[in-house]
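Worksheet: one structure, shown below.
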Amino acid sequence: AQKVTQAQTEISVVEKEDVTLDCVYETRDTTYYLFWYKQPPSGELVFLIRRNSFDEQNEISGRYSWNFQKSTSSFNFTITASQVVDSAVYFCALSERYRDDKIIFGKGTRLHILP
Amino acid sequence: DAGITQSPRYKITETGRQVTLMCHQTWSHSYMFWYRQDLGHGLRLIYYSAAADITDKGEVPDGYVVSRSKTENFPLTLESATRSQTSVYFCASSRPGQGEGTQYFGPGTRLLVL
């Protein structure tokens with residue numbers, strides 16, 4: 001069965017600190033896709049990244065980086081030098097091949113960046 | 001490029017009334033989805049559609065009806081609203097990609113059932 005676990009319900013850090021959001025997934029498929037979405041206080045859901053199961057290279061986009069490790073079934077998200085605008089709920093998600101593009105979401109991690 | 005839109009953005013209704021939430025996308029994406037978001041439950045899939053006239057149930061379909069007569073529209077109807085259906089509803093769409101299709105979300109509809 002597919003499952004996504006975000007153990008950190010809520011995190012608070014002071015601005016400019018680095019912060020890592022954890023995501024652990026479960027799947028029996030060998031081909032799958034992992035996602036991160038951001039939900040700022042305004043409420044919309046914003047796509048951040050998609051990785052497929054065959055590409056374990058870490059990804060960096062500005063202050064954001066993602067660490068995908070199949071050995072530990074983890075897809076962690078790090079924000080470097082956090083800013084107040086990073087305050088949001090972040091969702092990790094999983095999609096398996098041949099599943100009609102359905103995505104299973106984790107419960108989300110609420111991130112507070114304190115000024 | 002409007003992307004994906006939802007209407008209304010806010011709705012207050014009474015128990016027992018029928019309510020229809022609209023979703024429209026301009027990308028010609030094949031797949032469309034309806035989710036509800038509740039505290040403690042995250043995002044839960046209500047219904048999805050792989051193409052026009054093809055719909056299927058998600059995790060929490062009871063009390064909801066969908067249709068997809070045109071690719072760009074995917075309305076969600078609450079036939080007889082209940083207080084437990086008070087929630088934020090999100091519509092999403094994706095191109096078919098054998099599981100790799102990224103879902104793009106509408107802005108959401110906040111529904112309050114009194």
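The values are calculated or read from the model by the stated rules, or taken from the named source; none is laboratory data. Quantities reported herein were computed from a predicted structural model and do not represent experimental measurements. Here the Cβ is made from the backbone with ideal geometry for all residues, glycine too, and neighbour counts use every protein chain on show. Calculation scope for accessible area: heavy atoms of the full protein, side chains included, ligands and nucleic acids excluded. Shrake-Rupley method; radii C 1.70, N 1.55, O 1.52, S 1.80 Å.
On a C-alpha basis, how far is the centre of segment B:2-66 from the centre of segment A:17-49 in Å? Whole number, if you could?
Using only Cα atoms, the two centres lie 21 Å from each other.
About the Cα centre of segment B:4-107, what is the dipole size in debye to 20, counting +1 per Lys and Arg Cβ and -1 per Asp and Glu Cβ, all else neutral? Working shown, then result.
Numbers: 10 positive and 9 negative charges, 48 e Å.
In total the dipole reaches around 240 debye.
If one takes the accessible area of chain A alone plus chain B alone and subtracts that of the pair, with a 1.4 Å probe, what total in Å², rounded to the nearest 100, results? Please report the intermediate quantities before stating the final value.
Details: alone 6710 and 6440 Å², together 11200 Å².
Answer for the A-B pair: about 2000 Å² buried.
Over segment B:4-107, give the accessible area per residue in Å² for a 1.4 Å probe, as an integer.
Numbers: 4920 Å² over 104 residues.
Normalised by residue count, the accessible surface of segment B:4-107 is 47 Å².
Determine the shape class of chain A: with a ≥ b ≥ c the square roots of the Cα gyration tensor eigenvalues, call it rounded for a/c under 1.5, and otherwise prolate if a/b is greater than b/c, oblate otherwise. Spell out each step's value before the answer.
Details: a/c = 2.06, a/b = 1.68, b/c = 1.22.
Note, shape of chain A comes out prolate.
If you count only protein heavy atoms with a 1.4 Å probe, what accessible area per residue comes out for segment A:36-86, rounded to a whole Å²?
Values: 2570 Å² over 51 residues.
Ligands and nucleic acids excluded, the figure is 50 Å² per residue.
If exposed chymotrypsin sites (Phe, Trp or Tyr not before Pro) are those in a DSSP loop with at most 10 other Cβ within 10 Å, what is the longest stretch of chain A that has none?
Values: sites that count: A:Phe54, A:Tyr98.
Between the exposed loop sites, the longest stretch runs A:1-53.
Using a probe of 1.4 angstrom, how much of the accessible area of segment A:3-114 is carbon and sulfur, in percent? Could you put the intermediate results ahead of the total?
Numbers: 2530 of 5450 Å².
C and S atoms contribute 46 percent here.
In whole Å, what three semi-axes, largest first, describe the equivalent ellipsoid of chain B built from its Cα gyration tensor (square root of 5 times each eigenvalue)? Walk me through the numbers before you get to the answer.
On the way: eigenvalues 102, 38, 36 Å².
Whole-Å semi-axes of the equivalent ellipsoid: 23, 14, 13.
Once ligands and nucleic acids are excluded and a 1.4 Å probe is used, how much of A:Cys23 is accessible, expressed in Å² to the nearest 10?
Surface open to solvent at A:Cys23 totals about 0 Å².
Just to make sure I understand: if all protein chains stay in place, what is the order of B:Ile46, A:Ile104 by accessible area at 1.4 Å, largest first? Don't jump to the answer; show the numbers that get you there.
Working: B:Ile46 0, A:Ile104 60 Å².
If we order B:Ile46, A:Ile104 from most to least accessible, we get A:Ile104, B:Ile46.
May I ask you to list the residues of segment A:64-96 whose amide nitrogen lies under 14 Å from a point 7 Å from Cα along the Cα→beta-carbon direction of A:Glu15?
Within reach of a label on A:Glu15: A:81-87.
When chain A is treated as a GNM, springs tying every alpha-carbon pair under 10 Å, which of A:Leu34, A:Leu48, A:Leu94 comes out with the largest mean-square fluctuation?
A:Leu48
Taking all protein chains together and a probe of 1.4 Å, list A:Arg28, A:Arg97, B:Arg83 from the most accessible to the least accessible. List each step's numbers first, then the result.
Working: A:Arg28 205, A:Arg97 80, B:Arg83 165 Å².
Of A:Arg28, A:Arg97, B:Arg83, the descending order of accessible area is A:Arg28, B:Arg83, A:Arg97.
What spacing in nm lies between the two simple spin-label points modelled at B:Arg9 and B:Arg83, each 7 Å away from Cα in the Cβ direction?
Distance between label points: 2.9 nm.
Which parts of segment A:72-115, residue by residue, lose 50 Å² or more of accessible area when the rest of the protein chains are there, as against the chain isolated (1.4 Å probe)?
With the partner chains in place, segment A:72-115 has these residues losing at least 50 Å²: A:Asp100, A:Asp101, A:Lys102, A:Phe105, A:Lys107.
How large are Rg and Dmax for the protein assembly as shown when calculated on the C-alpha trace, in angstrom?
17.7, 52
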